[in-house]
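Read-outs throughout are calculated quantities, based only on the coordinates presented, and are distinct from any laboratory measurement. Everything numeric in this text was worked out from a predicted model, so none of it was measured. In this analysis, Cβ positions are derived from the backbone assuming ideal geometry, glycine residues included, and neighbour counts consider all displayed protein chains.
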Amino acid sequence: ADFHRTLLYGGWAANPRAHLRMVYEAAPLAFLCEQAGGKGSDGRARVLAQAPPKLHARAPLFLGSPDDIDELESYGDVQQA
């Protein structure tokens, strides 16, 4: 629901805890976001540029405009343990 609102109205959506499965949840949402002109990040780097270390690896996810996500990444490690 958060990502749907972000697509419609702008802004950014975040899931800072690493509980989204990278292959099945994080990467497909990042792909949709990038196709819509945005950017998908794990807080450090682009999600689609990373290879998952195992099939069910989990990752945090931040989606939004390129400017917003670049600013977020500039803060350093924003992932929550």
message: Can you tell me how segment 1-40 classifies by the Cα gyration tensor, rounded, prolate or oblate, using a/c under 1.5 as the rounded cut?
response: oblate
query: Contour minus end-to-end for His56 and Asp2, with contour as 0.36 nm per residue of separation and end-to-end as the Cα-Cα distance?
result: 17.1 nm
Net lengthening on full extension, Leu48/Ser74 (0.36 nm per residue, minus Cα-Cα): 7.5 nm
field: Which label in (1) 12.3; (2) 14.9; (3) 19.6 gives the computed Kirkwood radius over Cα pairs in Å
entry: (1)
query: What are the chymotrypsin sites (Phe, Trp or Tyr not before Pro) within the chain that DSSP puts in a loop, where the Cβ has at most 15 other Cβ atoms within 10 Å?
result: Tyr75
statement: One finds the C-alpha centres of segment 3-26 and segment 51-77 to be spaced, in Å, by 10 Å
